[in-house]
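Chemist: Attaching a single structure in structure tokens format; questions to follow.
The values are calculated or read from the model by the stated rules, or taken from the named source; none is laboratory data. What you see is a predicted model, and the numbers here were worked out from it, not measured in a lab. Ideal geometry is used to build each Cβ from the backbone, glycine not excepted, and the neighbour counts take in all protein chains shown.
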Amino acid sequence: YAWDANEEYLFKAMVAFAMRRYSSKSTTQISNVLLCNVTDRVSFWFVVTDSAKNVTTVPASEVEAAIRMNRNRINSAFLLNDKTLQFLKISSTISPPVEPSTPVWLIVFGVVLCLTVAGIIFLIVSGIQRRKKKNKESSDTENLEEKCEVTVTIENGIPCETLDLKAGHINGVYAADDERFASL
Amino acid sequence: VNSPPESLKEDGRPKWDNKFQYLLSCIGFAVGLGNVWRFPYLCQIHGGGAFLIPYLIALIFEGIPLLHLELALGQRLRKGSIGAWSAVSPYLGGVGVASWMVSVLVSLYYNTVLTWVMWYFINSFQEPLPWSVCPLNENRTGFDEECYESTAVNYFWYRKTLNITPDVTENGTLQWWLVLCLAACWAIVYLCTIRGIETTGKAIYVTAIFPYLVLTIFLIHGLTLPGATEGLAYLFTPNMNILKNPRVWLDAATQIFFSLSLAFGGLIAFSSYNQQKNDCEKDAVTVAIVNCLTSLYASIPVFSVLGFKATTGYWDCLDRNIIGIINKFDLPEQSITRQNYTTWIRLLNSSHPEKIAALKLKSCNLQEFLDQSVSGTGLAFIVFTQAVILMPASQAWAILFFIMLFSLGLSSMFGNIEGVFTPLLEFKIISKSTPKELISGIICLTSFSIALCFTLGSGSYWIDIFDRYAGSLPLLVIAFFEVTGVAYVYKIKRFSEDVKWMTGRKPNLYWQITWRFISPLLLLIVFVAFVTLQIQKPASYAAWNPKYEGFPMKEEKVYPPWVLAICVLLAVLPCIFVPLVALFHLIKRMLGSKDPSSMPAEAFSCQGDNS
């Protein structure tokens, strides 16, 4: 928007409003605010006179304090902010950035760590289970091998146990007669 | 040479699920943080497009032959670095031990860099980004002084992240937030390497492919940013005169070398899990070419963003000057724009020179902003983070960027850890029944405890030291002994036969010449040049000291003698194993030959065999 006499009027009104709120006397009028040295840059000096006392200007510190108190109202009246509407010699206190009670990064960190630890535990447990299964399988194969060894003791297709049972009949022709053998 | 393959398959060695997994692991190992933050920087300071010439020459004569050598060796001997080199010749066992040591040292500090990346990643979820605003001082009238003097981004990196001390001798305390992130990083590494290549093989699908996706997204976005074309033109404009400077050739040779992650033993470990009848020649060429193309591909978005940042900085400088002039001369708003700034300045300088001089305007030069080249951690954590703030939806870009850096670093960590893990598995001290999970757990836990030193206040100075001394010089020495060992001790003829058996064709003239003459010679020259350059100037570092007069410039300090001793120790310790082991075996053989009792026993056994 262009800066014209209406905007100047609004500015005077805002300063008067600020003075009224600050000192809570309702005597400050728009006519008490005087602008001078207005330039194209839109910069100017202004003073606030006190109509109660004889045409003296209100001290700068009071004006500064009043403006500081109502800075945001003045800014929003002009749709500007602290940077675009500058009052020389009035530094604004900056509001601190909002900080949540738990820093956000801790939450994200917690999530990442929990996922990782869960993955590690899962892998370790599955590794142990796999090893147990492998041990069981290898002990199973050991049993099979024993069976194989057992079945290996088959003579000519006849299991040894049955052979033992049959055990052969002692042929009396040969066994009983010791005199048959020649003595050495 | 003629051992039957069937018996080898049943030696119980783990193997890759498929060829693609193996290639991806090698590529992931080679493609790391250096491709993103070192190559573009080198391109920029060494004459843009002209740097590609020494880079390609170094690739052809140094990179690819060494890569083929390592992959072929690991594949043929099917052992980790220590076992492989001991099998080539007992006198060369020291080369394997040196490789193993370097892998250990590099793993320690590399994961701490990933810790910083993780810290930035988890802080990227905050709105607004924590490095975009300065914190307030005590009475809330202004910003914190250290932050105000430098920038919010610098403050967040040096104070909020590192909490850096002004000197390498001042240790400071353990930064608890970094300790937490370090624990998380080592937990992630443990999760991925818990069973060796069984688990890394699955993880690599994500960590190796994801960075390419993010780079593409950044490429598309970066090219749409204002100022991107200036950045790219700056990067690629060739300046042929630069080729006369030997420093450029040295940088190209060392960059190719470190970029391909040679001499770490990790590549030997990866290829040892292959089946023997595998075309390692094609693999080597593929990995090297993909690595180089990735470097080039990554430099495009990096420089688009840097161009954008420089342009924005230039515009800010202009705007500040314009405001100053308009205020001083009470000119109407919008009268001076960025375009007619120079005409206005000339006009005002001729009419009111004293007023202009009184304003103390900073000269705004786009070239100057573009020249502010940074590499390494500075690029990622200071320059890029600053650029990200300027983009809309900055949180999303920050998150993407840091996940990409994390994946890049993690896939390289896999190679490092494999280089440590595989030789340990073959060590006779560890019995076959020890579960792999335990060994990898012990490695990760020990590394975590030692790496806690890097989370001290002076940690980042120590990481610089490790990077400069442990991660550079020993690798050159190891690689030199690797090539000469295979070429002259194992003999190239025998090696060529091995390669022919594996790939089905004899290595052609290119391989013969490079393995025998060019690569060893090149490595020797690079090594000598490297050492000469290091010795010439006293080892110094740049310290962040808020009390320094020139703050926010960094203070140049010299390393005290005890730190220098550690630097030399780091560089020499891995290298010393090469002659030590050779000497050990020599002495053993001499003692063995002097001992008469051993001879008759052999004679008896021979007779026993014959009868």
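Chemist: Could we say that B:Trp249 is touching a residue at least 60 places away in the same chain (Cβ under 8 Å), surrounded by 18 or more Cβ atoms within 10 Å (Cβ to Cβ) and closer than 30 Å to B:Phe454 by Cα here?
Modeler: Answer is no for this residue.
Chemist: Looking at B:Tyr110 and the list (1) within 28 Å of B:Ile382 (Cα to Cα); (2) more than 20 Å from the chain's Cα centre (by Cα), which single condition is not satisfied?
Modeler: Answer for B:Tyr110: the failing condition is (2).
Chemist: How many of the residues in the range B:42-75 are of a type in the set (Gly, Ala, Ser) and over 19 Å from B:Gly266 (Cα atoms)? Walk me through how you get there before you give the answer.
Modeler: Pass one, the range B:42-75, residues of a type in the set (Gly, Ala, Ser): B:47-50, B:58, B:63, B:72, B:74.
Retained after the next criterion (residues that are over 19 Å from B:Gly266 (Cα atoms)): B:47-50, B:58.
Looking only at that region, the number is 5.
Chemist: While we're on this one: Considering every residue within the range B:430-441, establish whether at least one is out of contact with any Gly (no Cβ under 9 Å at 6 or more places or on another chain) and at pLDDT 90 or above.
Modeler: Within the range B:430-441, one or more residues are out of contact with any Gly (no Cβ under 9 Å at 6 or more places or on another chain) and at pLDDT 90 or above.
Chemist: Just one of B:Leu223, B:Leu191, B:Leu215, B:Leu182 is within 21 Å of B:Leu23 (Cα to Cα) and either part of a helix (DSSP H, G or I) or within 14 Å of chain A (Cβ to nearest Cβ) (or both); which is it?
Modeler: None of the other options fit; the residue is B:Leu215.
Chemist: Further question: Select from the range A:22-72 the residues that are at pLDDT 75 or above and touching a Leu at 6+ places or on another chain (Cβ under 7 Å) and write down the one among them that is farthest from the other protein chains (Cβ to nearest Cβ).
Modeler: A:Thr49
Chemist: Between a first residue in the range B:203-223 that is surrounded by fewer than 19 Cβ atoms within 10 Å (Cβ to Cβ) and a second residue that is of a type in the set (S, T, N, Q), which pairs have beta carbons less than 6 Å apart while being 6 or more apart in sequence or on different chains?
Modeler: B:Phe210/B:Ser407; B:Leu223/B:Ser304
Chemist: Among the residues of the range B:326-350, write down those that are over 25 Å from B:Thr312 (Cβ atoms) and exposed (fewer than 10 other Cβ atoms within 10 Å of the Cβ).
Modeler: B:Ser350
Chemist: Would you mind listing the helices (runs of 4 or more DSSP H) fully within the range B:468-516 where at least 2 residues are under 21 Å from the mean Cα position of the chain (by Cα) and touching a residue at least 40 places away in the same chain (Cβ under 8 Å)?
Modeler: The qualifying helices (runs of 4 or more DSSP H) are B:473-484.
Chemist: Considering the range B:306-338 alone, what residues qualify as being closer than 30 Å to B:Arg38 by Cα and either touching a Lys or Arg at 6+ places or on another chain (Cβ under 7 Å) or modelled with pLDDT under 75 (or both)?
Modeler: Correct list: B:Trp315, B:Cys317.
Chemist: Sticking with this one: Out of the residues in the range B:314-357 that are within 49 Å of the chain's Cα centre (by Cα) and basic (Lys, Arg), which is nearest to the other protein chains (Cβ to nearest Cβ)? Reasoning before the result, please.
Modeler: Initially, the range B:314-357 is screened for residues within 49 Å of the chain's Cα centre (by Cα), giving B:314-326, B:334, B:336-346, B:356-357.
Within this subset, residues satisfying the condition of being basic (Lys, Arg) are B:320, B:338, B:346.
Numbers: B:Arg320: 12, B:Arg338: 18, B:Arg346: 21 Å.
Checking each candidate, the answer is B:Arg320.
Chemist: Oh, and also: Run B:Cys280 past the list (1) crowded, with 19+ Cβ neighbours inside 10 Å; (2) in contact with a Lys or Arg (Cβ under 9 Å, 6 or more places away or on another chain); (3) within 14 Å of chain A (Cβ to nearest Cβ) and report the number of the one that doesn't hold.
Modeler: With (1) crowded, with 19+ Cβ neighbours inside 10 Å; (2) in contact with a Lys or Arg (Cβ under 9 Å, 6 or more places away or on another chain); (3) within 14 Å of chain A (Cβ to nearest Cβ) applied to B:Cys280, the lone miss is (3).
Chemist: Then there is this: Could you please let me know if B:Phe264 is within 28 Å of B:Leu213 (Cα to Cα), at pLDDT 90 or above and among the aromatic types (Phe, Trp, Tyr)?
Modeler: So B:Phe264 passes the test.
Chemist: On the given criteria, is B:Val531 part of a helix (DSSP H, G or I), at pLDDT below 90 and of a type outside the set (S, T, N, Q)?
Modeler: yes
Chemist: Same structure again: Sort out which residues of the range B:539-574 are within 22 Å of the chain's Cα centre (by Cα) and among the hydroxyl-bearing types (Ser, Thr, Tyr), and write them in order of number. Steps first, answer last, please.
Modeler: Just the residues of the range B:539-574 that are within 22 Å of the chain's Cα centre (by Cα), to begin with: B:539-543, B:566-574.
The answer is B:Ser540, B:Tyr541.
Chemist: From the list B:Met118, B:Met101, which one is touching a helix residue (DSSP H, G or I) at 6+ places or on another chain (Cβ under 7 Å), of a type in the set (A, V, I, L, M) and within 14 Å of chain A (Cβ to nearest Cβ)?
Modeler: Working: B:Met101 fails: within 14 Å of chain A (Cβ to nearest Cβ).
Matching residue, one of B:Met118, B:Met101: B:Met118.
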